[in-house]
Amino acid sequence: MIHLLVGQDDFLKREFIEELRKIFPPGSEISMNAEDFRADEGALPAFIEFLQTAPFLSDKRFAVLRSADDLEDEERERLRTFLSKLPATAEAVIVSDAPSIKKAAWLTDLSKDAKLISCQGPYENEWPGWIQSRAKKLGLQVDREAVAALLERAGRDSACQISALEQLLLYVHPRTDIKREDVEAILGKSAEADVFELLDLILEKKPSACLKKVADLRREGVKAFEVVAVLASQVEKLKKAFVMQKQGDAEQKIGQELKVHSFYLGKFMRQVARLNEKILQIFFRELADCDHDIKTGVLREDLAFEKLVMRLCV
């Protein structure tokens, strides 16, 4: 069996290879019959010799050839010829960092004798489904808000997402449903999520709730200048959305251009609906004043932040 791994997600490659190594039962001579080789270190001859050698106290020999893209043309042809006559006792994995085989003729040729495995991470719009699919394999169900929180905190990194899901599996046991608060308990709340909530309270003119939120942020160790920076960035994004909406742009187009996650787009557009030019001017003026107060030492960070929030609630 020949496996051709193509893509740039190292975690998916590692996971696939580890699963293949299970062809060796516990207690077998895996150390004598499984080996990694690197093409960029001139190891192609050793890779071929290893797989041509009969297994030791086993039915199989298993070898991985990494950095296959570094092979010279002559070496690629030698590899192709060898794999076309691979011994029945051998199992080979060829690892390429190419995103696909379409633009590499030698990989296309190689794929005729191999099982092609895509190890390219999900595209932007595929991440929510990918997370829910991987969670299902662990026996978990992740709701939409929890998926959004995972993307905020663990990012678009498959290894980080799997690690987060495994932590959540232990944390919620014996439950199997994952909520946003579970993710936040394990990974913490993001500044973006906190600012989104704070902005909602400001736009709803709820000063008491705003001050409670500010106090919560301080207890969590969030620095005032960090929140001010994220708040300024969010207001700038709202301003752009406000202008685009006035120009007649559709909600989906606004979300795509401003990179607003689909889970938050509805809430984001409801914030836009509360705005007008006067409110935007007040926001930018007060944010500038707060930034000045912090940087010049006119007020302590916490006091400057509280003053900002209260004035925005007026």
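Values as computed for the structure displayed
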{"quantity": "Furthest towards positive pole of dipole, A185, I131, L44, structure part the chain, Cβ charges", "calculated": "A185"}
{"quantity": "Listed residues G266, T176, P87: farthest to the positive end of the dipole of the chain (Cβ charges)", "calculated": "G266"}
{"quantity": "Principal axis box of region 191-312, alpha-carbon based, largest edge first, Å", "calculated": "43, 26, 23"}
{"quantity": "Per residue Cα convex hull volume in Å³ - calculated over region 255-314", "calculated": "115"}
{"quantity": "log₁₀ of I(q)/I(0) at q = 0.17, 0.23, 0.24 Å⁻¹ - region 124-187, Debye sum with one point per alpha carbon", "calculated": "-0.45, -0.87, -0.96"}
{"quantity": "Rounded tilt (10° steps) of 158-172 against the dominant C-alpha axis of the chain", "calculated": "70"}
{"quantity": "Convex hull volume per residue for the chain, taking Cα atoms only, in Å³", "calculated": "192"}
{"quantity": "Estimated FRET transfer efficiency when R0 is 41 angstrom, pair D216-D10 (beta carbons, to 0.05)", "calculated": "0.60"}
{"quantity": "Too-long pairs where the Cα-Cα distance tops 31 Å, listed order kept, from K206/K239; K212/K253; K223/K253; K13/K103", "calculated": "K212/K253; K223/K253"}
{"quantity": "Nearest-ten-degree value, helix 127-137 long axis tilted from longest Cα axis of the chain", "calculated": "60"}
{"quantity": "Coarse-grained scattering of region 2-118 at q = 0.14, 0.15, 0.17 Å⁻¹, given as base-10 log I(q)/I(0) from a Debye sum over alpha-carbon atoms", "calculated": "-0.54, -0.62, -0.80"}
{"quantity": "Distance from region 256-314 to region 79-156 (C-alpha centre basis), Å", "calculated": "41"}
{"quantity": "The chain, dipole about Cα centre (Lys/Arg Cβ +1, Asp/Glu Cβ -1), debye to the nearest 20", "calculated": "1360"}
{"quantity": "Dipole of the chain [Lys/Arg +1, Asp/Glu -1 at C-beta], most positive-end residue of F242, T53, L71", "calculated": "F242"}
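Values in this text are rule-based calculations from the coordinates and carry no lab data. Predicted model, so just to flag it, every value in this text is computed and none were measured. Here the Cβ is made from the backbone with ideal geometry for all residues, glycine too, and neighbour counts use every protein chain on show.
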